[in-house]
Amino acid sequence: MRAFRYHRPADVADAVAVLAAEPQAAYLGGGTNLVDLMKLGVQRPDVLVDVTRLPLDTVEEAPDGGLRIGATVRNSDLAAHPTVRRDYPVLARALLAAASGQLRNMATTGGNLLQRTRCVYFQDTGKACNKREPGSGCAALHGQNRDLAVLDWSEQCVATHPSDLAVALTALDTVVEVHEPDGPRDVPITALYRSPGTHPERETTLARGTLITAVRLPPLPAARRSTYVKVRDRASFAFAVGSVAAVLDLDGDVVRDVRLAYGAVAHRPWRAYRAEEALRGRPFSPELAARAADAELAEARPLRHNGFKVPLTRAITVRALSELASS
Amino acid sequence: MSTGAVGRAYPRLEGREKVTGTARYAVEYPVDGITYGWAVPSAVVRGRITRVDTTQALASPGVLAVVHHGNAPRLAPGPEPELWLLQEPAVHYRGQYVAVVVATSLEAAREGARLVRIDYDAGPHSTVLTDDHPGLYQPDHVNPSYPTDTAEGDFDAGYAAAPVRVDVTYRTPAYHNNPMEPHATTAQWRDGRLLVHDSNQGATSVRATLAELFEVPPESVRVVAQHVGGGFGSKGYAKAAVVLTALAARHVDRPVKLALTRQQIFGPIGYRTPTIQRVRLAADADGRLTAICHDAISQTSTIREFAEQTAVYTRSMYAAPHRRTTHRLVRLDVPTPFWMRAPGECPGAYALESAMDELALAVGIDPVELRIRNDTEVDPDQGRPFTSRNLVACLREGAQRFGWTDRDPTPRARRDGRWLIGTGMAGSSYPARARPSSARATARPDGSFLVQINATDIGTGARTAIWQVAADALGVPPERVEIHIGDTALPTAPLAGGSMGTASWSWAVIRAAQTLREKLQDLPGGVPADDVSADADTTDEVGGQPTLPRYAYGAQFAEVRVDADTGEVRLNRMLGVFAAGRVVNPTTARSQLIGGMTMGLSMALHEEGLLDERYGDWVNHDLATYHITGCADVESVEAYWLDEHDDELNPAGVKGIGEIGIVGAAAAIANAVHHATGVRVRDLPIRLDKLVGTSSLA
């Protein structure tokens, strides 16, 4: 692998300044994804700016009832946090459904949001990938694409976002606090990720060198009734082939509010607004949930090997909501 | 006289070293002046290298050399074209190692490998196995030396006349061996002599291959394999890593260590060939088989014929008057397939034991009963009685332990909430063979004994098992016996493979011990003043053994649950009962059996090499994308064995247990999935996408 320098920044401003000055620098969080990609030659930074010692490792309860989670809080610590477990079970479940115990001990909140697709063509420098090498083509479009997108893909890229955590945070309307070269800014998580379009190498709306410093969960009492359903090819240590994060607020049997987000179906964590719309204000039933999922998935364009993701996502939508409704 | 070490549950002799990290594996030996090799795989499938530009690589810090066909030391063209590496510009498959970069650090070697520029003149290729491939042909024989096709009676007539028939085709994908330790070597040349620490399953044959390739006398080559982190067949013979490392070390005239990466072992080290298997079974109304036909298609490479014996299992498993088996091969532009735990028997049993399940349903009798009804004391293939055949005993004990009795055969009849529950079973068998071996036993003046044999312990517990056998053969407590294995400086021995390691090695060890005891009889007190040794070589004895059908048997049972909405398949429990002769060490034996069963689970539900024909390459080539069963998938797996004595085997009375655990396991699970869902998935692995949305669910 390429020789690289290692920098431990004094503070956030220092970290951002190094990234601004060094065009090939990268932030190092838990390293659970970046280091692999460096070994594979997929990412070749010449400076690693290790942000894990910055004072961004606390979980704070906001006065309004929300939660502010520092960017370097480890996945395992976050999953075990009592407030997260009580007020945002969807988040704890998403975290615990991801990776392995060892990886969760290393992986950070901010790094998790910015992990790269697990599309096999992206991870192999011997194969065409527009995300890795713009203009080289998308080998996955007509290749082995069982694990890839059914929604919102482009001819240039059919990759999916791999994070479970990001799906849960998307359902919770999380605000991502970032530090850009120009200063701090808040970005709603639903505005953080991009569709692949003609530039799949651009995965977020953040300017280069931006550091995620925290994520802020708005108060959402309804999230106490929330869950994360993940389907994978083996019982542990596998990325989702389908997942749904769901929050359900019932008034009697009428859906007062609902939040739904899907994983493993698109280039970004997929907030299912249409499904939410179809559910809101109506008496809940599994049939309604199925119709809502159908509304969301109506625009799905399955690839050769992943047509199953449509009925699968529909099935887990029904399951997640039905379980919440009866809990 | 037996002191009773055999049959007792000793922990592994080297267990402490392994768990404390002091056991050294192939690239963990400290060597002065060591350098690091990194293999460069070809980027094309088929063609010729037209240019190798090493300028950038050599300019990279730490890089000492780029070894390629233009500058590599010459190898003798041998019988293993796959190992004739870095000798010619021809490329025969994608991933073929075409260069090695040697550097002063691992990282520098890896970066150097990235900077080697190779131009190719690439031609068209064919890498996908199909049942109508124009290149299908009939090989001369199948592995290791079985007839390609067999026929008894008149299958077509027998099949046509039967009241109940099953005609089904099963497909299995490429499966990739993934031992924890990759293929890895440390090589040192000194005064024309070669020393390698290598991860392999048999140092004797590795030495012979190296001597032949490098044209040096075998005595000038020493191969050490003290601890080996798994092989599953893929390290059965010398493979690319050891040849590349020795070539590189000779080229740079310094010691070199090289370990293949996880990505690099998907293909070039060999893999289980994909198969397409058509099985036709016919039976009378009582379920007695009248006709059996198994037609197997598999692949080989363009440079070496590897004809897997997929349908051989069917030749001896169940009796019928009309039988036929065939094997057809296609030469594709792929790496040569190789051994993977129970090559032939494992995929073949998946097909036959699945078809038997389909037949049981068609006839309307219980699948255990169907197998009992078609049991035979005489090998249908050889026409001679089996030396021992305890299939029925395994079936009965397995059925009783598993709770098979009163099973409702109706598919999709049991449900637990959202889970559909099903049970399935399969028969299992594997040949019990032995190869010639030599061994030496030495009595020492302090009353202790040393046993030396170039056996290999690939994690199975072989070292411990031979030690137990030696103690009993010497008639002393095992604490007084020291055992040395894993080094060509020791008496030659066959590889750890084909479930014949313990049978072969213990045979020679017992003979050496017997000879030694005769020598000691004349000594006062039986203790010598100086070391006294006895050597044994079983070549004549093993070669003179009558050819008889010798097999281990088993019965596999599985209970699965299938999510009615998502199609997720999970294993509730798995239980196997085996008859495999004498069990030397219950601890390590159980580990072998449940390991084989778990690997069968992995085959049934998880593993699949996904090939992209455009690249002629498997695209999922790491453990994140090529799924192997994890601990959470194995909720309960139990292995039992019968107390079996067979005097026609070998002096230790063992049949071998390394492979039988996987045979039939995938079929038992696939049959359970059908029982749970009513859906018969005939192409492995059975993943949720083959079940979700099927009308039988929900």
Requested in this report: Have a look at B:Glu181, B:Glu88 and point out the one that is of a type in the set (Asp, Glu), modelled with pLDDT of 95 or more and open to solvent by less than 40 Å² (accessible area, probe 1.4 Å).
Outcome: B:Glu181
Report task. State whether the residues of the range A:83-96 include one that is open to solvent by 20 Å² or more (accessible area, probe 1.4 Å), aliphatic (A, V, I, L, M) and more than 19 Å from the chain's Cα centre (by Cα). Result -> no
**Report entry** Complete set of residues in the range A:183-214 that are surrounded by fewer than 19 Cβ atoms within 10 Å (Cβ to Cβ), over 25 Å from A:Val265 (Cα atoms) and in contact (Cβ under 8 Å) with a residue 12 or more places away in the chain
**Finding:** A:Pro184, A:Asp186, A:Ala207, A:Arg208
Query raised in the report: In the range A:236-250, is there at least one residue being open to solvent by 10 Å² or more (accessible area, probe 1.4 Å), in contact (Cβ under 8 Å) with a residue 40 or more places away in the chain, more than 14 Å from chain B (Cβ to nearest Cβ) and of a type in the set (A, V, I, L, M, F, W, C)?
Result: yes
Report task. Give the number of residues within the range B:184-209 that are in contact (Cβ under 8 Å) with a residue 24 or more places away in the chain and part of a helix (DSSP H, G or I). Result -> 6
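Results for (1) crowded, with 24+ Cβ neighbours inside 10 Å; (2) outside any helix (DSSP H, G or I); (3) assigned by TED's automatic domain parsing to the domain that holds B:Thr326, shown as yes or no for each residue.
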| residue | (1), (2), (3) |
| --- | --- |
| B:Tyr159 | no, no, yes |
| B:Arg165 | no, yes, yes |
| B:Ala211 | no, no, no |
| B:Val228 | yes, yes, no |
| B:Ala241 | yes, no, no |
Requested in this report: Return yes or no: is B:Thr442 β-branched (Val, Ile, Thr), over 22 Å from the mean Cα position of the chain (by Cα) and in the same structural domain as B:Met574 (by TED's automatic domain parsing)?
Outcome: no
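Every residue, every condition in (1) at pLDDT 95 or above; (2) open to solvent by less than 20 Å² (accessible area, probe 1.4 Å); (3) more than 20 Å from A:Thr125 (Cα to Cα), yes or no:
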position	(1), (2), (3)
A:Ala13	yes, no, yes
A:Val16	yes, yes, yes
A:Pro23	no, no, yes
A:Gly29	yes, no, yes
A:Leu34	yes, no, no
A:Leu37	yes, yes, no
A:Gln43	yes, no, no
A:Leu48	yes, yes, yes
A:Thr52	yes, no, yes
Report task. Please verify whether the range B:45-53 includes one or more residues that are open to solvent by less than 60 Å² (accessible area, probe 1.4 Å), in contact (Cβ under 8 Å) with a residue 40 or more places away in the chain and polar (S, T, N, Q). Result -> no
**Report entry** Residue list for the range B:647-684, filter: over 30 Å from B:Val166 (Cβ atoms) and either of a type outside the set (D, E, K, R) or open to solvent by less than 10 Å² (accessible area, probe 1.4 Å) (or both)
**Finding:** B:Leu649, B:Asn650, B:Pro651, B:Ala652, B:Gly653, B:Val654, B:Lys655, B:Gly656, B:Ile657, B:Gly658
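Residue-wise test of (1) surrounded by 24 or more Cβ atoms within 10 Å (Cβ to Cβ); (2) closer than 30 Å to B:Val619 by Cβ.
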position: B:Asp253; (1), (2): no, no
position: B:Thr261; (1), (2): no, yes
position: B:Gly267; (1), (2): yes, yes
position: B:Tyr271; (1), (2): yes, yes
position: B:Thr275; (1), (2): yes, yes
position: B:Asp284; (1), (2): no, no
position: B:Arg288; (1), (2): no, no
**Report entry** Residue list for the range A:142-158, filter: open to solvent by less than 20 Å² (accessible area, probe 1.4 Å), more than 20 Å from A:Arg232 (Cβ to Cβ) and either in a loop (DSSP other than H, G, I, E, B) or of a type in the set (S, T, N, Q) (or both)
**Finding:** A:Gly143, A:Ser154
**Report entry** Residue pairs meeting the criteria (Cβ under 7 Å; at least 6 apart or on separate chains; first within 12 Å of chain B (Cβ to nearest Cβ) and closer than 17 Å to A:Ser236 by Cα, in the range A:99-128; second open to solvent by less than 40 Å² (accessible area, probe 1.4 Å) and of a type in the set (A, V, I, L, M, F, W, C))
**Finding:** A:Ala99/A:Ala107
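Rundown of residues vs (1) at pLDDT below 95; (2) assigned to a helix (DSSP H, G or I); (3) not hydrophobic (A, V, I, L, M, F, W, C), yes/no style:
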site: A:Val247; (1), (2), (3): no, no, no
site: A:Glu287; (1), (2), (3): no, yes, yes
site: A:Ala295; (1), (2), (3): no, yes, no
site: A:Glu299; (1), (2), (3): no, no, yes
site: A:Thr313; (1), (2), (3): no, yes, yes
site: A:Val318; (1), (2), (3): no, yes, no
site: A:Ser322; (1), (2), (3): no, yes, yes
Report summary line: Residues in the range B:6-35 that are within 30 Å of A:Thr125 (Cβ to Cβ) and either open to solvent by 60 Å² or more (accessible area, probe 1.4 Å) or acidic (Asp, Glu) (or both) total 1
Query raised in the report: modelled with pLDDT of 95 or more and within 20 Å of the chain's Cα centre (by Cα): does that describe A:Ser226?
Result: yes
Requested in this report: Could you identify the single residue in B:Arg415, B:Arg440 that is within 30 Å of B:Gly525 (Cβ to Cβ) and assigned to a strand (DSSP E or B)?
Outcome: B:Arg440
Requested in this report: Identify the residue in the range B:396-426 that is of a type in the set (S, T, N, Q) and open to solvent by 50 Å² or more (accessible area, probe 1.4 Å) and, among all such residues, is nearest to the other protein chains (Cβ to nearest Cβ).
Outcome: B:Thr410
Report task. Hey, could you check the range A:215-226 for residues that are assigned to a strand (DSSP E or B) and surrounded by 21 or more Cβ atoms within 10 Å (Cβ to Cβ) and say which is farthest from the other protein chains (Cβ to nearest Cβ)? Result -> A:Leu217
Report summary line: A:Ala290: passes all of (1) within 12 Å of chain B (Cβ to nearest Cβ); (2) surrounded by 24 or more Cβ atoms within 10 Å (Cβ to Cβ) but (2)
Query raised in the report: For the subset of the range B:596-641 comprising residues that are of a type in the set (Phe, Trp, Tyr) and either at the interface with another protein chain (Cβ under 9 Å from one of its Cβ atoms) or more than 19 Å from the chain's Cα centre (by Cα) (or both), which member is surrounded by the most Cβ atoms within 10 Å (Cβ to Cβ)?
Result: B:Trp618
**Report entry** Residue ID - nearest to A:Tyr273 (Cα to Cα), chosen from residues in the range A:308-323 that are surrounded by fewer than 22 Cβ atoms within 10 Å (Cβ to Cβ) and touching a residue at least 40 places away in the same chain (Cβ under 8 Å)
**Finding:** A:Arg319
Report summary line: Selection from the range A:134-151 of residues away from every other protein chain (no Cβ under 14 Å) and either out of contact with any strand residue (DSSP E or B) (no Cβ under 9 Å at 6 or more places or on another chain) or within 27 Å of A:Gly29 (Cβ to Cβ) (or both) yields A:Pro134, A:Gly135, A:Ala149
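Yes or no, residue by residue, for (1) out of contact with any Gly (no Cβ under 7 Å at 6 or more places or on another chain); (2) part of a loop (DSSP other than H, G, I, E, B); (3) without any contact (Cβ under 8 Å) to a residue 24 or more places away in the chain:
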{"site": "B:Leu601", "(1), (2), (3)": "yes, no, no"}
{"site": "B:Glu607", "(1), (2), (3)": "yes, yes, no"}
{"site": "B:His621", "(1), (2), (3)": "yes, yes, no"}
{"site": "B:Thr629", "(1), (2), (3)": "yes, yes, no"}
{"site": "B:Ala632", "(1), (2), (3)": "yes, no, yes"}
{"site": "B:Glu638", "(1), (2), (3)": "yes, no, no"}
{"site": "B:His645", "(1), (2), (3)": "no, yes, no"}
{"site": "B:Glu648", "(1), (2), (3)": "yes, yes, no"}
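The values are calculated or read from the model by the stated rules, or taken from the named source; none is laboratory data. All values derive from a computational prediction rather than experimental measurement. Don't worry about glycine lacking a Cβ; one is built from the backbone with ideal geometry, like all the others, and counts go over all protein chains shown. Keep in mind that these areas ignore ligands, DNA and RNA; they rest on the heavy atoms of the full protein, side chains included. Shrake-Rupley method; radii C 1.70, N 1.55, O 1.52, S 1.80 Å.
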